Amino acid sequence: MGIPLTLLTGMVSAGLLSFTGHAFPGSDSPQTLYLLRCSGCHGIDGSGSKTGRVPGLAGINKLLLHPEGRMFLANVPGIENSGLSDSQIAQLLNWALDHWSDRSISDIGPPLTGDEIRRLKNIPVDDLTRLRGRIADDLAAQGIDIGSYSAQ
């Protein structure tokens, strides 16, 4: 016997309410964009997926301590293929960077802009996994751990 549909719907709604802090934010709010475009892989709580090799988002702002961190974020496949405008992508990433930031890191530069996203998406990245690995290694040499592809 499965969970009744009305109970399941209520559980999902309660989860969305606790995550967003709103009943149903505007369809173009960064929280809603995250829920619709990113949570399928990164999870509603941003924990990522060990089996899917999707990194958790806790401390995502640490990526911006590396010169190629902004380029990495702009070229993540889910961002690249989201169908969102460059401005929406910038708003979504800025929200995620704030929402899951490591509060001990404060100097990550200015917020991303639509123009910057457009420019960064036009820089060819041959191997995004290798780029993330290089960023992780460079930051680890400075004592900064950005986590692995396992759920955090």
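How high is the relative contact order of segment 26-140, given as a whole-number percent (alpha carbon pairs under 8 Å, six or more residues apart)?
Dividing the mean separation by the residue count of segment 26-140 yields 29 percent.
Which value in nm describes the separation of the simple spin-label points at residue 122 and residue 103, placed 7 Å from the Cα toward the beta carbon?
Using points 7 Å along Cα→Cβ, the separation is 4.0 nm.
What whole-number distance in Å separates the alpha-carbon centres of segment 105-127 and segment 37-103?
Rounded to whole Å, the Cα centres lie 12 Å apart.
Restricting things to Cα coordinates, could you compute the convex hull volume per residue of segment 59-114 in Å³?
Once divided by residue count, the hull of segment 59-114 is 68 Å³.
Using just the Cα positions, wrap segment 26-140 in a convex hull and report its mean projected area in square nanometres, one decimal place.
Result: 7.0 nm².
Ranking request for peptides 33-45, 56-68: highest mean number of other beta-carbon atoms within 10 Å first, then the rest in descending order.
Result, highest mean Cβ count within 10 Å first: 56-68, 33-45.
Read the figures in this text as sums done on the coordinates, not as results from a lab. Keep in mind that what you see is a predicted model, and the values were worked out from it rather than measured. Cβ: placed from backbone, ideal geometry, glycine included. Neighbour counts: every protein chain shown.
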